[in-house]
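Report on one structure; see the data block that follows.
The values are calculated or read from the model by the stated rules, or taken from the named source; none is laboratory data. Quantities reported herein were computed from a predicted structural model and do not represent experimental measurements. In this analysis, Cβ positions are derived from the backbone assuming ideal geometry, glycine residues included, and neighbour counts consider all displayed protein chains.
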Ligand SMILES: [Zn+2]
């Protein structure tokens, strides 16, 4: 059996959220949504928030061409040397500047230094829940839906 993990992260990779706000959001999710567990994670620097086996392709956000996983892994490895504090890249397809966070990941991925992981939620994370969590965390959020 595979697991679905809905990861709630700040939309901006550099946003830090205080533990009390994160905890309030975790409690809110536990109250409102049936799921296996809700876990809060932190890291000092932003890290890649992956979507597990849901990651099928990555495309250029500017010209829409498909990016090779080889190129992407090289760019990720270069960015990891600065602990993902610099995410700027020059795209191989159109030679334009963008950011690893802006790439068109399918399914969606992101970068963040904190996340709320909802393991096997009984229903989809709807707009209402996103809005409520966004208010509790006092920032815009993204949802990464991972499968393992
Ligand atoms: Zn391009």
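Some observations on this one:
- Of all residues in segment 92-106, those that are without any contact (Cβ under 8 Å) to a residue 40 or more places away in the chain and within 11 Å of residue 67 (Cα to Cα) have Cβ atoms under 9 Å from Cβ atoms of residues that are more than 11 Å from the ligand (Cβ to nearest atom) and part of a loop (DSSP other than H, G, I, E, B), 6 or more apart or on another chain, in 92/68.
- Qualifying residue in segment 134-141 (condition: closer than 30 Å to residue 28 by Cβ, in a strand (DSSP E or B) and under 17 Å from the mean Cα position of the chain (by Cα)): yes
- Summed over segment 89-106, the residues that are out of contact with any helix residue (DSSP H, G or I) (no Cβ under 7 Å at 6 or more places or on another chain), part of a loop (DSSP other than H, G, I, E, B) and over 18 Å from residue 49 (Cα atoms) give a count of 5.
- Test: residue in segment 24-38 that is farther than 20 Å from residue 141 by Cβ and touching a strand residue (DSSP E or B) at 6+ places or on another chain (Cβ under 9 Å): yes
- Yes/no for residue 17 being touching a helix residue (DSSP H, G or I) at 6+ places or on another chain (Cβ under 7 Å), within 19 Å of residue 139 (Cα to Cα) and outside any helix (DSSP H, G or I): yes
- Some residue of segment 44-59 being surrounded by fewer than 14 Cβ atoms within 10 Å (Cβ to Cβ) and at pLDDT below 95: yes
- Failed condition for residue 86, given (1) in contact with a helix residue (DSSP H, G or I) (Cβ under 8 Å, 6 or more places away or on another chain); (2) touching a residue at least 24 places away in the same chain (Cβ under 8 Å): (2)
- Residue 113 being free of Cβ contacts under 8 Å to residues at least 40 places away in the same chain and either in contact with a strand residue (DSSP E or B) (Cβ under 8 Å, 6 or more places away or on another chain) or not in a loop (DSSP other than H, G, I, E, B) (or both): no
- Enumeration of residues in segment 62-86 that are part of a loop (DSSP other than H, G, I, E, B), within 26 Å of residue 148 (Cβ to Cβ) and within 16 Å of the ligand (Cβ to nearest atom): 68
- The sole residue among 47, 123 that is touching a residue at least 40 places away in the same chain (Cβ under 8 Å) and assigned to a loop (DSSP other than H, G, I, E, B) is 123.
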